[in-house]
Structure formats: C-alpha cells, structure tokens
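Since every read-out is calculated from the coordinates, none of them should be taken as a lab result. Since the structure is predicted, the reported quantities are computational estimates derived from the model, not experimental observations. Cβ placement follows ideal geometry from the backbone for every residue including glycine, while neighbour counts extend to all protein chains displayed.
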Amino acid sequence: MSITSDIRSYADNAVSQGKQVLDQAQAQLNDVTGTANEFVGKLTDQAKSNYSEFSSKATAAATDLRAQAEKALNLEAIKSAVEPYLAQAKDYSTSVTDRAANLFDTVKSDKRVAGVVNTVESVSDAVVETVTERVIKPVQSLTGLGSKPAPAAKKAPAMAAPTTAAAKPAANKAPAKAAAKKAPAKKAAAK
C-alpha cells in the first residue's frame with residue numbers, strides 16, 4: 001500500500017467517524033428538544049390552570065369581602081339615619097339664606113360697614129366651600145343621596161371697598177402709632 005492510499009483510508013475513516021458523531025449529536029439534540037418541548041407544554045398547561053384557579057379564587061374572595069362589608073356597614077340604615085338631617089339642613093339653609101339676604105340688603109346700604117361686608121362675603125364664601133367639600137360631599141357620596149348639588153343662593157353684588165383713609169379700619173393705624181412712641185434713652189451715670 002502506498003502512502004496516498006493510507007492517507008485516503010484514514011481520511012475516509014475520519015469522515016465516516018465524523019458523520020457518525022454528527023448523527024449521534026443530531027439525535028441527542030432532537031431528544032433534548034423534544035423533552036424541552038414537553039416540559040414547556042406541561043409548564044404552560046400548569047400555568048394556565050393555576051391562573052384560572054387563582055383568578056376564580058380572587059373573584060370569589062372579592063365577592064365575599066364586598067358582601068361582608070355591605071353587611072357590616074348596612075348602607076340602608078345609614079341612609080335612613082342621615083336623610084332627615086340632610087332635609088333639616090336644607091330647610092335650615094333656605095331659611096337662613098332668606099334672613100341673611102334681608103339683613104344684607106339692610107346692612108350694605110350703610111357706608112360705615114361696607115368694608116366689613118366685603119370681608120365677610122369673602123370669608124363666608126370660603127366657609128361654604130369648605131363645608132361643602134369636607135362635610136356635604138362626603139356624606140352624599142357615602143349615602144348616594146342628593147347627588148345633584150343644591151342651587152347656589154343668589155349673591156348680592158359686592159360693594160366697592162372704600163378708598164379714603166378715613167374709611168380704613170383703625171387697626172391698620174395702631175402699629176404705626178405704637179412704633180412712633182419710643183422710651184427715652186437712659187444716660188450713663190457720670191463718675
């Protein structure tokens with residue numbers, strides 16, 4: 001045998017062994033892929049069943065909690081207890097509004113009180129807004145009663161604030177007078 005034929009035979013053996021190794025590797029890869037696909041399928045199926053089970057349990061728990069909360073709160077009893085007070089407050093506010101409008105008409109014509117009237121108007125608006133936001137709206141949202149806001153009382157037009165120095169309150173002038181008075185400085189005793 002010549003060296004060339006020996007090299008060919010070694011090369012042929014190497015090629016056939018390489019093909020065998022490649023076929024074995026391909027077979028093992030196919031086995032691993034199949035096993036991985038099975039594993040992923042099982043995990044997916046289990047995840048779907050766990051999700052459905054968890055979702056149904058969560059829905060049932062939420063329904064139970066809502067039912068327990070409704071029993072504990074007894075919204076109908078709260079509504080029936082608050083209803084008379086709301087009606088009374090509405091009647092009272094109507095009566096007070098009418099009286100206040102009459103009084104306001106009388107007072108606003110006096111020039112001495114015009115500045116005070118303007119201040120009271122701004123403060124009363126803030127009080128009404130605060131009471132509405134902190135008391136009336138939360139009670140209405142909890143009870144579901146009176147979801148429509150009551151029509152606002154007609155507000156009398158505001159008078160212009162006096163601009164003369166004589167019409168300004170004396171309280172504004174008091175600090176200036178107090179600052180003008182100073183105690184006399186003490187002299188150091190001569191030795």
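Taking K137 as the anchor, which aspartates and glutamates have their alpha carbon closer than 17 Å to its alpha carbon, excluding any fewer than eight residues away along the same chain?
The qualifying aspartates and glutamates are E83, D125, E129.
What's the ranking of 124-130, 139-145 by average number of surrounding C-beta atoms within 10 Å, highest first?
So the peptides 124-130, 139-145, ranked by packing, come out 139-145, 124-130.
Distances over 13 Å make up what percent of all Cα-Cα pairs in segment 1-45?
For segment 1-45, the share of Cα pairs beyond 13 Å comes to 67 percent.
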